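The values are calculated or read from the model by the stated rules, or taken from the named source; none is laboratory data. It should be emphasised that the depicted structure is a prediction, and the values quoted were computed from it without experimental measurement. Cβ atoms come from the backbone with ideal geometry, glycine included; neighbour counts cover every protein chain shown. Note: accessible area is taken over every heavy atom of the protein model, side chains too, but ligands, DNA and RNA are not part of it. Shrake-Rupley method; radii C 1.70, N 1.55, O 1.52, S 1.80 Å.
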Amino acid sequence: MNGWSGTILRVNLTTGAVSRQATDLKDAALYIGARGLGDKLYIDEVDPKVDPLSPDNKIVFAPGPFSGTFAPSGGRYHVVTKGPLTDAIAGSNSGGSFGPELHYAGYDALIVEGKADEPVYLWIKDDVVEIRKASHIWGKWVPDTTDLVRAETDLEAKVACIGPAGEKQVLFAAIMNEMHRAAGRSGVGAVMGSKNLKAIAVVGTKAIKVANPKAFKDAVLVGRKKIKEHPVGGAGLKAYGTDVLVNILNQIGSFPTNNFQDGYSPTADKVGGESLSANQLVRAKGCFSCVISCGRVSKVKEPKYAGEGEGPEYEAAWSMGPDCGIDNLDAITHSNHLCNELGMDPISFGSTLACAMEMFEAGIITTKDTDGQDLRFGNADTLVELTRKTGLREGIGNKLALGSYRLANSYGHPEYSMTVKKQEMPAYDPRGVQGIGLQYATCNRGGCHVKGYTIAVEVLGCGAKLDPHVTTDKPFWVKLFQDLTAAIDASGGCIFGTFGMGGENYAAMLSALTGVTYTPEDYLKAGERIWNLERMFNLEAGLTSKDDVLPLRMTKLPIKTGPSKGELSHVPEMLPEYYKLRGWDEEGVPTKERLHDLQLA
């Protein structure tokens, strides 16, 4: 096989059995790999109503055909499972080098099932696969875990692991690879922890076969050139990282503050990428085969928060910053480092803390609930302390570890949770950017921006420049971005490659790599197939069109200040057109005709 390795690895932690199966070439062609093939393997085998933290749930780690090649930013892999935060399909994507290494070991996917009786880790070196005891590593934070596993296996091993947050099943625990890269959302780390699986270490030495080397090289060079010439992909992200978006979103009045009570912060610049670069940046960093280098290696010198690590990226700078009323970048960066070391998603953590802060100021949560901790907006020391307590599930951190949906509901006030499908929304106010609101509402994994990043056209003007405040044509663009992103995720590529490349570039590279011909239309259709497969899983899991909604605040309470003052989200008006474009009925269920057209019938 070309592009694909041809083998699926299966490990049963209950029995200790290790087995292999051939990759189905037809499925590979239809679903490409990573997110797509991972979805297909998982959904074929798991009951949609499974308890996410039970041994009956499975978890799939899957690189894509691009993973490990020199395709632009071809370093991604996907984790597919049912998310404990959302009770929906969880597709969590990460960069770094773990995905390429798994591909080099000769695997298109690793399926982990069952539950070990005691803590274990997996050691994979090409065809040799071992389940090793990990009781001596259990409880260790991510950096120590990574170092210990490498010392016991191979210093060159790429390690994906969980920290204390995953072990203690924080519902937004992440899986960390190379210490700082994260499969971060929906609680995939908690699923790994529920299986007593501490880490996966892998070394691969096998080559990835290319169907047409010259055509692949030519297509890759064209793609790389387009990214380097793009003002965002080739300059902005490398200079300031994703945190460059702070001032951009604030200037249009769509930068959520104080748990989405407003969409503008007068001190936003203090936490923006320009300030990070001026005060804390050590160097830019990229993932495998990256031509962008949006990662930030950062160092805090202030003694109170001193330390070195990676981040924060835009979402973390916002969620633990202005969304909590905090503009102390040293404290935010320190908390981001803690999130990486504990292994948890900073978006959901920061947003959950913001929810708790608003309820504290409303008198719903009191100091009796917080062990005397001051939860008012703007308290940087509270941020740092509760980051640690949440990852370790101590005190009030035990409640925060459940996410804002369950926290707010436990006090009888669900209106304070800024979530979609129980997952916290990211750093774009949907009242000021209409398309991204529709993306949040319809996203298969809940509140999420990266599965349909309409910010590219609504704010950044990449390819097209749309008015963010209008709803015209937004359902079309949301669907387009969702389908394209699904195909890119499946390929093992980074969505930031779209800051330069289009569907025709991805299709050309994939065709030359695999020997399967993909037109740009074929490529998009593969993404649409993946999107609909995930939708069907969610429907069978019990989700309905009633879950395709934003928090009531977004449609009832307008933005108070700034350039988008007075704006509300209009998702309810856009939803019928979106369903129609997708070929779904009025209840958001894919029609038989559409499923047949997508070869899903």
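Taking 20 Å as the cut-off, the amide N atoms of region 484-507 that come nearer than this to a point 7 Å along the Cα-to-beta-carbon line of ALA239 belong to 496-501. Normalising the Debye intensity of region 455-542 to I(0), with uniform scatterers on Cα atoms only, and taking log10 at q = 0.18 Å⁻¹ returns -0.85.
Count the DSSP beta bridges whose two residues both fall in the chain, then state the antiparallel fraction as a percent rounded to the nearest 5. So the antiparallel bridges in the chain amount to around 80 percent.
Using the scaling law 2.2 N^0.38 Å as the reference, what is the normalised Cα Rg of region 7-203? The value comes to 0.91.
Note on region 333-386: the C-alpha convex hull projects to 3.6 nm² when averaged across all orientations.
Checking every one of the trypsin sites (Lys or Arg not before Pro) in region 545-600 against DSSP loop status and a limit of 15 other Cβ atoms within 10 Å picks out LYS560, LYS565. For LYS226, go through the aspartates and glutamates and keep the ones whose alpha-carbon is under 18 Å away, minus same-chain ones fewer than eight residues off. The qualifying aspartates and glutamates are ASP218, GLU504. The label-point distance for LYS580 and HIS136, in a model that sets each label 7 Å from Cα toward Cβ, rounds to 6.6 nm.
Please calculate how many Å² of accessible area region 356-451 carries per residue, with a 1.4 Å probe and no DNA, RNA or ligand atoms counted.
Accessible area per residue, region 356-451: 28 Å².
Within the straight-line cut-off of under 13 Å between alpha carbons, the aspartates and glutamates reachable from LYS421 are ASP87, ASP547, ASP548, sequence neighbours fewer than 8 places apart in one chain being disregarded.
Would you mind telling me the share, in percent, of accessible area of region 74-219 contributed by carbon and sulfur at probe 1.4 angstrom? It would help to have the intermediate numbers written out before the result.
Values: 2020 of 4200 Å².
After summing per-atom areas, the C and S share lands at 48 percent.
Cross-linked pairs LYS238/LYS304; LYS270/LYS304; LYS209/LYS451: Cα-Cα separations exceed 20 Å for LYS238/LYS304; LYS209/LYS451.
Relative contact order, whole percent, for region 89-234 stands at 29, derived from Cα pairs under 8 Å and 6 or more residues apart. Each part gets one Cα centre, and for region 1-34 versus region 348-406 those centres are 42 Å apart. Computed over the chain, the per-residue total of -39500 (n - 2.57) for DSSP H runs of n ≥ 4 gives a 222 nm mean residue ellipticity of -11000 deg cm²/dmol, rounded to 500. Fully extending the segment from LYS560 to LYS285 would add 95.2 nm, taking 0.36 nm per residue of separation and subtracting the current Cα-Cα distance. The base-10 log of I(q)/I(0) for region 434-597, evaluated at q = 0.09, 0.16, 0.19 Å⁻¹, reads -0.31, -0.95, -1.26 [Debye formula, identical scatterers on Cα atoms, solvent excluded].
Using per-residue counts of other Cβ atoms within 10 Å, averaged over each peptide, order 240-249, 299-308, 327-336 from highest down. Show your work: numbers first, answer last.
Values: 240-249: 23.3, 299-308: 14.0, 327-336: 25.6.
My ranking of the peptides, most packed first, is 327-336, 240-249, 299-308.
Among the GluC sites (Glu not before Pro) in region 78-172, those placed in a DSSP loop whose Cβ has at most 14 other Cβ atoms within 10 Å are GLU156.
Here the contact order of region 434-597, divided by its residue count and restricted to Cα pairs under 8 Å and six or more residues apart, works out to 23 percent. Carbon and sulfur atoms: what percent of the 1.4 Å accessible area of region 253-423 do they account for? Carbon and sulfur atoms account for 46 percent of the accessible area of region 253-423. Here's the picture: charge each Lys and Arg Cβ at +1 and each Asp and Glu Cβ at -1 in region 434-597, and of ALA526, PHE537, VAL516 the one pushed furthest to the positive end of that dipole is PHE537. A simple spin-label model places pseudo-atoms 7 Å from Cα toward Cβ; at ASP147 and ILE364 they are separated by 4.2 nm.
When only DSSP loop residues count, what GluC sites (Glu not before Pro) in region 388-430 have their Cβ near at most 15 other Cβ atoms within 10 Å?
Working: sites: GLU394, GLU415, GLU424; in loops: GLU394.
Those that pass, being in a loop and sparsely packed, are GLU394.
Once the Cβ-Cβ distance of ALA29 and GLU573 is raised to the sixth power relative to R0 = 41 Å, the FRET efficiency obtained is 0.60.
The aspartates and glutamates within cross-link reach of LYS125, meaning a Cα-to-Cα straight distance under 18 Å and a gap of 8 or more places when in the same chain, are GLU101, ASP108, ASP147, GLU152, ASP154, GLU156, GLU178. Extending 7 Å from the Cα toward the beta-carbon at both GLU394 and TYR411 defines two label points whose distance is 2.2 nm. The calculated P(r) of region 370-497, using every Cα pair and 10 Å bins from 0, goes 12, 32, 27, 22, 7, 0 in percent.
Exceedance of the 29 Å cut-off in Cα-Cα distance is limited, within the set LYS474/LYS565; LYS389/LYS565; LYS158/LYS195; LYS465/LYS580, to LYS389/LYS565. Farthest towards the positive end of the charge dipole of the chain, among the residues TYR440, LEU550, VAL450, is the Cα of VAL450, using unit charges on the Cβ of Lys, Arg, Asp and Glu. Contact order, relative form, for the chain: 16 percent (alpha carbon pairs under 8 Å, 6 or more residues apart, mean separation divided by residue count). Compactness of region 277-357, taken as the C-alpha radius of gyration over 2.2 N^0.38 Å, stands at 1.09.
Using only alpha-carbon positions in the chain, the gyration tensor eigenvalues give semi-axes of 33, 28, 24 Å once each is multiplied by 5 and square-rooted (largest first). Shown here are the Rg and Dmax of the Cα trace of region 253-423, at 15.7, 51 Å. The dipole here belongs to the chain: it is taken about the Cα centre, uses +1 on the Cβ of Lys and Arg and -1 on the Cβ of Asp and Glu, and is about 820 debye.
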